[in-house]
1. Taking the Cβ of residue 96 as the centre, find all other residues whose Cβ is under 13 Å away and add up their charges (Lys, Arg: +1; Asp, Glu: -1).
2. From the helices alone, meaning DSSP H stretches of at least four residues, give me the mean residue ellipticity at 222 nm for the chain, per-run term -39500 (n - 2.57), in deg cm²/dmol to the nearest 500.
3. Using only the Cα atoms of segment 18-80, build the gyration tensor, take square roots of its eigenvalues as a ≥ b ≥ c, and label the shape rounded, prolate or oblate: rounded if a/c is under 1.5, else prolate if a/b is larger than b/c, else oblate.
4. Expressed as a whole number of Å, what is the distance separating the alpha-carbon centroids of segment 82-106 and segment 44-70?
5. If you roll a 1.4 Å probe over the chain with all protein chains in place, what percent of the accessible area is carbon or sulfur?
6. Residue 24: net charge of surrounding residues, Cβ under 13 Å, Lys/Arg +1, Asp/Glu -1, itself excluded?
7. Take every Cα pair under 8 Å in the chain that's 6+ residues apart, average their separations, divide by the length, and report that relative contact order as a whole percent.
Amino acid sequence: MHIDPAVTWISLSFGNFINRTLKFVSSLYNGIIPDGGDEPGPLSPNDEHDNEFITAVNALLKDYLDAMEAVKLRLGLQIVMLISMRGNNYLQSSGLNKALMTSDPKRCAQVVSRAVNLIY
């Protein structure tokens, strides 16, 4: 059986993003997803902190849905890779760590909540 290296990389990248996010929720929020303060429904691209992230992810999600509806599986997997890269970059650029939780718990909860939403 031949395993495509691209599929392996996608699995590792997306797996890393999921692991980083859920491990943080498990260890620092006792396994409970924090309330990020966002209103129900789609996030506004006019968000003061994450406008670029929200706009990019919304575009990628649209591209992913279009690819899946057209049964373009390879393209869909490539888009998943881009989404996971965006998610990992979001965690990094947001400074998600224990220090953020201490210095700005509201922002930390927002980042965690948005990251979990992206996983979902």
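The values are calculated or read from the model by the stated rules, or taken from the named source; none is laboratory data. None of these values were measured; they are calculated from a predicted model. Note: ideal-geometry Cβ built from the backbone for every residue, glycine included; neighbour counts use all protein chains shown. SASA here: full protein model, heavy atoms, side chains in, ligands and nucleic acids out. Shrake-Rupley method; radii C 1.70, N 1.55, O 1.52, S 1.80 Å.
1. It works out to a net charge of +3.
2. For the chain, the value works out to -24000 deg cm²/dmol.
3. Because a/c hits 1.5 or more and a/b fails to exceed b/c, segment 18-80 counts as oblate.
4. A separation of 18 Å, based on Cα centres.
5. Carbon and sulfur atoms account for 58 percent of the accessible area of the chain.
6. It works out to a net charge of +4.
7. With pairs under 8 Å counted, the relative contact order is 38 percent.
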